[in-house]
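One structure is given below, encoded as structure tokens.
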Amino acid sequence: QVQLRESGGGLGQAGGSLRLPCAASGRTLSSAAMGWVRQAPGKERRFAAVISWRGGSTIYADSVKGRFAISRDNAKNAVYLQMSSLKPADTAVYYCAASFTRLVPTTAHEFGYWGQGTQVTVSS
């Protein structure tokens, strides 16, 4: 089993930046595709970004493309989401997620492991 823990959430301002780290324990992430999924109030979880197990491939939802950047450090068993040019529409709970199936997920339900989530609130 792998345990994922997000941090770095909080209050941001429109146009500003936030960085979300995710630390893993219990299993190495070096063979997992890692991603971020977010859930806005009253809405279902939506895919935001994913990075392949070696970090050579990244995919973003259209809503965050060009503003968010996902990265990973397999030596630290960690993954990060750098969020820039924040918008109030980015307000959501952000979940770190992992998939060990050799696929690179592009939808929320394709991930098999989840963290507890961290709240990000963007004010206008």
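Annotation note: Cβ proximity below 6 Å between a residue of the stretch 21-35 that is surrounded by fewer than 24 Cβ atoms within 10 Å (Cβ to Cβ) and a residue that is at pLDDT below 90 (sequence gap 6+ or interchain) occurs for G26/Q1; S31/W53. Residues that are within 14 Å of G8 (Cα to Cα), of a type in the set (A, V, I, L, M) and in contact (Cβ under 8 Å) with a residue 60 or more places away in the chain: does the stretch 98-110 have at least one? No - not one qualifying residue is present in the stretch 98-110.
Is it the case that V120 is touching a helix residue (DSSP H, G or I) at 6+ places or on another chain (Cβ under 7 Å), surrounded by 19 or more Cβ atoms within 10 Å (Cβ to Cβ) and under 28 Å from G16 (Cβ atoms)?
In short, yes.
Of everything listed in (1) open to solvent by less than 40 Å² (accessible area, probe 1.4 Å); (2) over 15 Å from F111 (Cα atoms), the single unmet condition for A69 is (1). Can you find, within the stretch 36-45, the residue that is surrounded by the fewest Cβ atoms within 10 Å (Cβ to Cβ) among those that are of a type outside the set (D, E, K, R) and farther than 14 Å from F111 by Cβ? Taking the candidates together, the pick is G42.
For the stretch 81-92, the count of residues that are in contact with an Asp or Glu (Cβ under 6 Å, 6 or more places away or on another chain), small (G, A, S) and surrounded by 14 or more Cβ atoms within 10 Å (Cβ to Cβ) is zero.
Of the residues making up the stretch 1-14, those that are open to solvent by less than 60 Å² (accessible area, probe 1.4 Å) and of a type outside the set (S, T, Y) number 8.
Of the strands (runs of 3 or more DSSP E) contained entirely in the stretch 42-121, those carrying at least 1 residues that are of a type in the set (D, E, K, R) fall at 46-51, 68-73. Across the stretch 56-66, which residue is modelled with the lowest pLDDT among those that are surrounded by fewer than 16 Cβ atoms within 10 Å (Cβ to Cβ) and either within 18 Å of S84 (Cα to Cα) or within 15 Å of the chain's Cα centre (by Cα) (or both)? Among those residues, the one meeting the criterion is S57.
The values are calculated or read from the model by the stated rules, or taken from the named source; none is laboratory data. Values in this document were obtained by computation on a predicted structure and should not be read as measured data. Counting neighbours? That spans all protein chains shown, and the Cβs are built from the backbone with ideal geometry, glycine included. Ligands, DNA and RNA are excluded from the accessible area calculation, which covers all protein heavy atoms including side chains. Shrake-Rupley method; radii C 1.70, N 1.55, O 1.52, S 1.80 Å.
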